[in-house]
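> I'd like to ask you about the structure that follows.
The values are calculated or read from the model by the stated rules, or taken from the named source; none is laboratory data. These figures come from a predicted structure and were not determined experimentally. In this analysis, Cβ positions are derived from the backbone assuming ideal geometry, glycine residues included, and neighbour counts consider all displayed protein chains. Just the protein is used for accessible areas: all its heavy atoms, side chains included, with ligands, DNA and RNA removed. Shrake-Rupley method; radii C 1.70, N 1.55, O 1.52, S 1.80 Å.
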Amino acid sequence: MRQFAWAAASAVALLVGAAATQPTVAQVKIGVLNDMSSLYSDIGGKGSVESAKMAAEDAGPVLGRPVEVVFADHQNKPDVGSSIAQQWYDTGGVDVITDVPTSSVGLAVNEVSREKQKLALFVGPATSDLTGPKCSPYSASWVYDTYALAHVTGGAVVKSGGDSWFFLTADYAFGHALARDTGEVVTSNGGKVLGEVRVPLNSPDFSSFLLQAQSSKAKIIGLANAGGDTINSIKQGAEFGIVEGGQKFAALLFFLTDAHSLGLKTAQGLQLTAPFYWDMNDETRAFSKRFEQRAGHPPTFTQAGVYSAMHAYLEVIKAIGTKEPLKVMEKLRATPINDFMTKNGKLRIDGRLVRDMYLFEVKKPQESKGPWDYYKLVQTVPGDQAYRPLNAGGCPLVQKADAK
């Protein structure tokens, strides 16, 4: 009897020891990194965190455990953003970083992602360099870029007679890329770029810059900026009588929250490019209603994009049973992206998610039927026309694949 008890105890000890040494699957952790307190906070900010949480809740347990969402404010500073990314990847257990508006921060985080061999699914940064010379096997640009903005908005404006341009350019990577890409569209369509002034990020006073644009006599003042800078440009331009004087603004990156801040009286007639608008169809309205219940307003296209990226990411992990970065990226490239804002999206090897883009026009006050009813659809641009051709961006991954 004593021998039996000893054998049973030994068996239990072996089982306990095996359980103790059995590797446990680490929890999937999402890091939302963006501007929580400054000029881009309305674009992403806490709303992007809510979108990530919605995706995590909708996914349910992934690899047997609930998904965790953490967030931080990068303050629009590349050194701050890269420092947070390093800490998250090294000791914070973060598997994927998302959002990251401000292209200079996005480029910095991209390099950390490459070094640490961890994923970054970008939604906020617009620079097309992320899928060009700076492309990485560990990152993707999920929603839009400066090439698409330039070709859809810029192309439409030039073709409608806006053939002379002067750029007000945010003086960092995003603004430079947007002015560059739009300038190429203008000149390739027979227009002229008459000048450019580079404006420090988050400038409160655009007076001297607007005067330069006004004196250029350009038909179009191209706003290669975003968020609070776009709002201030247009508001102060109205005080200078820019539009009354015969010139027009081209808001090359414009968000729903910008229209809300400006009001339809000021924003009416602006044309803009976006991959999503809350009131397009039943699916977009259903998602936006859920989001608004949590955030208090409909989502911007970047806030919607965070959900889209994280939903696809989590579904892939559930499908393949691992969060190993390169396997996740391989499966994402092999899987058409279909959700409320994307139909048959295709993730390319350069990290560009190709999806349809839309040219909208801001409604006149009398056309709006209620709160946040701000846009009317002008044109749907298929993804293969909106985005840069795969072999034209200078992505080393494409060149390597072509060489095989």
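> Quantify, in whole percent, the carbon and sulfur part of the accessible surface of the stretch 211-334 (1.4 Å probe; protein heavy atoms only).
Roughly 48 percent, rounded to a whole number.
> Pulled fully out, how much extra length does the chain show between ARG285 and GLU330, if you take 0.36 nm times their separation in residues and subtract their Cα-Cα distance?
13.1 nm
> Right, here's the next one. Report the residue, chosen from VAL100, VAL193, VAL123, that carries the largest GNM mean-square fluctuation when the chain is represented by alpha-carbon nodes joined by springs under 10 Å.
For the chain, modelled as a Gaussian network with Cα springs under 10 Å, the answer is VAL193.
> Just want the answer: with Cβ charges of +1 for Lys and Arg and -1 for Asp and Glu, which residue in ALA250, HIS260, THR182 is farthest toward the dipole's positive end in the chain?
About the Cα centre, the residue reaching furthest to the positive side is THR182.
> What's the local net charge at GLN236, with K and R +1, D and E -1, over the other residues with C-beta under 13 Å away?
-2
> Any aspartates and glutamates with Cα under 18 Å of the LYS400 Cα? List them, leaving off those in the same chain fewer than 8 positions away.
By straight Cα distance, LYS400 reaches ASP129, GLU330, ASP350.
> Treating the beta-carbon of each Lys and Arg as +1 and of each Asp and Glu as -1, no other charges, what is the dipole magnitude of the stretch 280-360 about its Cα centre, to the nearest 20 debye?
With Lys and Arg at +1 and Asp and Glu at -1, about 120 debye.
> If you don't mind, another one. In degrees, nearest 10, range 0 to 90: what is the angle between the Cα axis of helix 173-188 and the longest Cα principal axis of the chain?
Approximately 50 degrees, to the nearest ten.
> Follow-up. Can you send over the solvent-accessible area of GLU239, 1.4 Å probe, protein chains only, in Å² to the nearest 10?
Rounded to the nearest 10, the figure is 150 Å².
> Also, I was wondering about something else. Grab the beta carbon distance between ALA319 and GLN117, set R0 = 30 Å, and tell me the FRET efficiency rounded to 0.05.
0.90
> Also, quick follow-up: Build a GNM of the chain with springs between Cα atoms under 10 Å: which of MET341, MET329, MET280 gets the top mean-square fluctuation?
Greatest mean-square fluctuation among the candidates belongs to MET280.
> Another question, if that's okay. Which residues' amide hydrogens lie under 5 Å from the amide hydrogen of VAL354, considering only partners 5 or more residues apart or on another chain, with H built in the peptide plane?
Amide H neighbours of VAL354, under 5 Å, 5+ apart: LYS346, LEU347, ARG348.
> In the chain, with Lys and Arg counted as +1 and Asp and Glu as -1 at Cβ, which of these residues, ILE231, ILE220, GLY305, has the Cα nearest the positive end of the dipole, that is, farthest along it?
My answer, from the dipole projection, is GLY305.
> Additional query: So what J values fall out for the stretch 97-107 if you push phi through Karplus, 6.51 cos²θ - 1.76 cosθ + 1.60 with θ = phi - 60°, rounded to Hz, Gly and Pro as x?
9, 9, 6, 6, x, 5, 4, 5, 6, x, 5
> Please give the helix 301-320 orientation as an angle from the longest Cα principal axis of the chain, in degrees from 0 to 90, rounded to the nearest 10.
Between helix and principal axis, roughly 30 degrees.
> Taking Rh as the Kirkwood radius computed over C-alpha pairs, what is the Stokes-Einstein D of the chain at 4 °C in a medium of viscosity 1.567 mPa s, expressed in µm² per second?
D, rounded to a whole number, is 59 µm²/s.
> Give me the count of lysine pairs in the stretch 309-386 whose alpha carbons sit under 28 angstrom apart, restricted to pairs 8 or more positions apart or on different chains.
17
> On a C-alpha basis, how far is the centre of the stretch 368-404 from the centre of the stretch 222-299 in Å? Whole number, if you could?
20
> For the stretch 242-350, report the translational diffusion coefficient in µm²/s to the nearest whole number, using Stokes-Einstein at 4 °C, 1.567 mPa s, and a Kirkwood Rh over Cα pairs.
79
> Per the helix-only calculation at 222 nm, which mean residue ellipticity applies to the chain, given -39500 (n - 2.57) for every DSSP H run of n ≥ 4 and division by its residues, nearest 500 deg cm²/dmol?
Calculated mean residue ellipticity at 222 nm is -13000 deg cm²/dmol.
> Calculate the dipole size of the stretch 146-268 relative to its Cα centre from +1 charges on Lys and Arg beta carbons and -1 charges on Asp and Glu beta carbons; express the result in debye to the nearest 20.
280
> Obtain the nm distance between the two label points defined at ASN344 and ASN391 by a simple spin-label model: each point lies 7 Å from its Cα along the Cα-to-C-beta direction.
2.3
> What does the accessible area per residue of the stretch 224-308 come to in Å², with a 1.4 Å probe and no ligands, DNA or RNA counted?
36
> Report the calculated FRET efficiency for GLN212 and GLU184 (r = Cβ-Cβ distance, R0 = 25 Å), to the nearest 0.05.
0.70
> Scan around LYS248 for amide H atoms under 5 Å from its own, H built in the peptide plane at 1.01 Å from N, and keep only partners 5 or more places away or cross-chain.
Amide H neighbours of LYS248, under 5 Å, 5+ apart: ILE220, ILE221.
> Given H placed on each backbone N at 1.01 Å, which residues far from ASP35 in sequence or on other chains put an amide H within less than 5 Å of it?
GLY45, HIS74
> Okay, moving on. I'd like the orientation of helix 282-295 relative to the chain: the angle between its Cα long axis and the longest Cα principal axis, in ° from 0 to 90, rounded to 10.
Computed tilt is about 80 degrees.
> Evaluate the charge dipole of the stretch 133-216 about its Cα centre and quote only its size in Debye, nearest 20, assuming +1 on the Cβ of each Lys and Arg and -1 on the Cβ of each Asp and Glu.
Here the stretch 133-216 has a charge dipole of around 120 debye.
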